[in-house]
Amino acid sequence: MQEPFELVVARHGGTVLRVCRAVLGPVDADDAWSATFLSALVAYPQLAPDSNVEAWLVTIAHRKAIDHTRATSRRAVPVDVLPERAASPGADARDLDLWSALAALPTKQRQVVAYHHLGGLAYAQVADLLGGTAVAARRAGADGIATLRRTYGATASASNSRRQQ
């Protein structure tokens, strides 16, 4: 017997939100999170009892992120003056610094870091999602983490020194 869906959301909601934020950024993450759980709600009754629910949800989040990215790229938004972009509610400067560091990574590295380190997927599962081999996913993840270690501290330090001035 499956646990109630409300418990699934409570248990895995944070992980799915972290993955969505890492892949899409803080502005679009909430929409992808909502779409993920709406899709999961429909499919949950047919899910095999021995399934890895967290991996299943991260897979759905990955697909919703792809859908969101494709839809956004097709939408034209003509404006005369670019509006100021507000920070998402609850995001502090450190979160935005991390997003900036993640956004600077190549797409494959950012996705591997998000799905493996934030989503908890094994490299083999990441390779199934993104294509390629587990070895290639491991390499992309290692390169992404190495770049974050070099750049995230520098980005956060630069932001902190600007705030203090």
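Restricting the first member to segment 31-49 and to residues that are within 24 Å of Arg21 (Cβ to Cβ), and the second to residues that are modelled with pLDDT under 95 and not in a helix (DSSP H, G or I), the beta-carbon pairs closer than 9 Å and six or more apart or on different chains are Ala40/Leu47; Tyr44/Gln2. Scanning segment 18-51 for residues that are more than 18 Å from Val112 (Cβ to Cβ) and open to solvent by 60 Å² or more (accessible area, probe 1.4 Å) yields Val27, Asp30, Asp31, Trp33, Leu38, Leu41, Val42, Pro45, Gln46, Pro49, Asp50. For segment 102-119, the set of residues classified as within 17 Å of Arg63 (Cβ to Cβ) and in contact (Cβ under 8 Å) with a residue 60 or more places away in the chain consists of Arg110, Gln111, Ala114, Tyr115, Leu118, Gly119, listed by residue number. Could you give every pair whose Cβ atoms fall below 6 Å, whose first residue belongs to segment 17-28 and is touching a residue at least 60 places away in the same chain (Cβ under 8 Å), and whose second residue is open to solvent by 40 Å² or more (accessible area, probe 1.4 Å), counting only separations of at least 6 or pairs across chains? Close Cβ pairs (under 6 Å, with a partner that is open to solvent by 40 Å² or more (accessible area, probe 1.4 Å)) amount to Arg18/Leu118; Val19/Leu118; Ala22/Leu118; Gly25/Trp99; Pro26/Trp99. Identification of helices (runs of 4 or more DSSP H) wholly contained in segment 70-165 with 1 or more residues that are within 17 Å of the chain's Cα centre (by Cα) and at pLDDT 90 or above yields 107-112, 123-130, 134-164.
Looking across segment 1-10, the residues that are in contact with a helix residue (DSSP H, G or I) (Cβ under 8 Å, 6 or more places away or on another chain) and open to solvent by 20 Å² or more (accessible area, probe 1.4 Å) come down to Gln2, Phe5, Val9. Please indicate, with yes or no, whether at least one residue in segment 38-53 is within 30 Å of Arg139 (Cα to Cα), within 15 Å of the chain's Cα centre (by Cα) and either outside any helix (DSSP H, G or I) or modelled with pLDDT of 90 or more (or both). So far as segment 38-53 goes, no, none of its residues is within 30 Å of Arg139 (Cα to Cα), within 15 Å of the chain's Cα centre (by Cα) and either outside any helix (DSSP H, G or I) or modelled with pLDDT of 90 or more (or both). Entry remark, segment 132-141: residues being of a type in the set (A, V, I, L, M, F, W, C) and surrounded by fewer than 16 Cβ atoms within 10 Å (Cβ to Cβ) number 2 in total.
State all residues of segment 3-21 that are acidic (Asp, Glu) and in a helix (DSSP H, G or I); if no residue qualifies, say none. Quick ask: steps written out before the conclusion?
To start, the set of residues in segment 3-21 that are acidic (Asp, Glu) comprises 3, 6.
If the condition is that a residue be acidic (Asp, Glu) and in a helix (DSSP H, G or I), then Glu6 is the only one that fits.
Out of all the residues in segment 113-131, which are open to solvent by 60 Å² or more (accessible area, probe 1.4 Å) and more than 19 Å from Gly25 (Cα to Cα)?
Of the residues in segment 113-131, the ones open to solvent by 60 Å² or more (accessible area, probe 1.4 Å) are 117, 125, 128.
Within segment 113-131, Gln125, Asp128 qualify.
The values are calculated or read from the model by the stated rules, or taken from the named source; none is laboratory data. Because the structure is a prediction, the values reported are computed rather than measured. Here the Cβ is made from the backbone with ideal geometry for all residues, glycine too, and neighbour counts use every protein chain on show. Heads up: the accessible areas ignore ligands, DNA and RNA and are worked out on the full protein's heavy atoms, side chains in. Shrake-Rupley method; radii C 1.70, N 1.55, O 1.52, S 1.80 Å.
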